[in-house]
1. Can you tally the net charge around Y141? Count Lys and Arg as +1, Asp and Glu as -1, for every other residue whose Cβ sits under 13 Å from the Cβ of Y141.
2. Take the solvent-accessible surface of the protein heavy atoms, probe 1.4 Å, and return the percent of it on region 451-598 that carbon and sulfur atoms account for.
3. Run the quick spin-label model on Y233 and K373: label points 7 Å from Cα toward the beta carbon, then report their separation in nm to one decimal.
4. With the full set of protein chains in place, find how many percent of the accessible area of region 108-199 is carbon and sulfur; take the probe as 1.4 Å.
5. Of the listed peptides 482-490, 400-408, what is their order by residue-averaged count of other C-beta atoms within 10 Å, with the highest listed first?
6. Quick one: accessible area per residue over region 451-598, 1.4 Å probe, rounded to a whole number of Å²?
7. Could you tell me the accessible area of T332 in Å² (1.4 Å probe, neighbours in place), rounded to the nearest ten?
8. In Å², and per residue, what accessible area does region 23-177 have when probed at 1.4 Å with the other protein chains present?
Amino acid sequence: MKRVGFFQSIRLKIIIILSLFLLLAVQLIGAYFLDKLETNLNTNFEANLDDRLTVLKTNLEEAFQEKRPENGEEPTLQEDVSDIIDRYSRDIFTDLQVIDSQYRVIGANSDLERIGKRVTGNIAINGALKFAEEEKEKFRYSNDRMIAKTVPIMDNATNTPVGAVRVEASIEDVYDQLEEISKIFLSGTILTVVVSIILGILVARTITKPITEMRKQAMVIAKGDFSKKVNVYGVDEIGQLATTFNDMTDRLKLANQTTEEERRKLSSVLSNMSEGVIATDEKGRIVLMNDPAINLIDTSFSEAKGKPIADVLQIEEKVLDIKELEETNSLTIDFSDDDQLFLIRASFSVVQDEEENFNGLITVISDVTEQEKVERERREFVSNVSHELRTPLTTMRSYIEALTDGAWEDKEIAPQFLEVTQNETDRMIRLVNDLLQLSKMDHKEGAMNKQKVELVSFVENILDRFDMNKTDVIGIERKFPKEQIKTRIDQDKITQVIDNIMSNAIKYSPEGGKITFQLAKEQNRVKFSIKDQGLGIAREKVDKIFDRFYRVDKARSRELGGTGLGLAISKEIIEAHHGHIWATSKEGQGTTIYFTLPLKNRKRGNQK
């Protein structure tokens, strides 16, 4: 086992936890203290401001209510207000202004040019002069935190406002004090973290030392050595853990001997893990299943556990006694339904104890559906080939026997018999050539000779040949894009595909019918479509036309010389080009064959 580094050890975690707890406690205390201190300082500042503003307001009310002779010998109201304002330095009020009932400034401690001017648009002053309301607000001005208060100057006789006083004071000193205190707390926090780390190292060393010893002992036990013991340093939880660990070591030593018998069963299961594996006890009840087995029989282990294996594998009718499976060796089990073929082969192996008594069963199951499909296709293929060859051979034999019996002397009949014999011979040659081509493509023996080709002109040349050679009154409509479409293809192979599809379209089109050949460029591929106006194909038979030897109309196909392999070969060629081929059709409305070719070709080892 790899040595645990310091940064991955529990020691570091203990140190971090202790440090974080202490840091959290300091931060909570600091945050609470600073919050309360801020509130207290702001409250004291505002109370001091209110006290001074109350005195100022009282002095101004006396000045506003004082009666002055008209001869002008006494100071005017503006002079009295100015004298009162001069008593308050700007250290107390950053800005102070007194407004009379006509909204004119009659006194200020700064910006004296505004004295005598009217004040407009100030909501707080309007509220004080009209409704005798007091207003307080906080704002920032040039990065300074400010507090402003506006109070009315009342006429005690009429209890109406005769003026207003507005003061502004900076509370930035309060926050400067808070910042200094925060720095002190930060220094204390750093010192606390350093001390907590030192204490954490000492505490963690005490805790982790016995744990480290137990880890080393566990590594020794993992190697099969149960002789050593862990030191017990005390009677606390860690000491009890060490005692329990020693007891566990003794029990493991005994359990190791007990599980030796089970090891053989487990070894047998593990040796067959590539397939589905099912283990049973001596009564045939399932005790173990691996994932492939669960997937194959589509039953969870919780549902199958404890059930007889014969019931789970649905072989209860074939096997009466679980021990009979030892003689059966293997069974093929059919799990097919109406929609899908599904076959499983089960191989049985007996597990015996030391006295060679029956102790259980190991069943290896595998999916053999594809093997059965291949075998069925092989038998069907052989049957089709035999049938396809027997028909022309029978015909040839009949005509040759007739010629042998004297028909060769008849100058009218003999040429006809020889022509039929030659046609059947040509048909067998085409059939054999198609089979050889399919065989080569199945075994990847035919190399693809790909070249870069302009598809529009390439298809045009093929269709021109059909226009020249066709004898029936069948039109060929071409729908091609104006732009050039270039890609890499094997010209001979693609020509064979188009020939096969066009030949079928011509064969099954009625006289006067029309074949539509369309070529379209899509995002990463080019799409071909050949549509005829023939009899069409039933929906359930459309997907089968690409199967080998499949014919929709067998009699007419043979009459026209078809082998039943043309579309199968076309499918192999298109797939070798990494394309796709399919068909759509409706009975009485004709058939459309589609196939696509990629515009960006993937490289293959057998292509040139």
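1. So the environment of Y141 carries a net charge of -2.
2. On the way: 3230 of 7520 Å².
Roughly 43 percent, rounded to a whole number.
3. Those two pseudo-labels are separated by 6.6 nm.
4. Accessible surface attributable to carbon and sulfur in region 108-199 totals 55 percent.
5. Packing order, densest peptide first, comes out as 482-490, 400-408.
6. Accessible area per residue, region 451-598: 51 Å².
7. About 70 Å², ignoring ligands and nucleic acids.
8. Details: 9250 Å² over 155 residues.
With all protein chains present, region 23-177 gives 60 Å² per residue.
The values are calculated or read from the model by the stated rules, or taken from the named source; none is laboratory data. Just so you know, these numbers come straight off a predicted model, no measurement behind them. All Cβ positions, even for glycine, are placed from backbone atoms using ideal geometry, and neighbour counts span all protein chains on display. Each accessible area value is taken on the protein alone, full model and side chains, heavy atoms only, with ligands, DNA and RNA left out. Shrake-Rupley method; radii C 1.70, N 1.55, O 1.52, S 1.80 Å.
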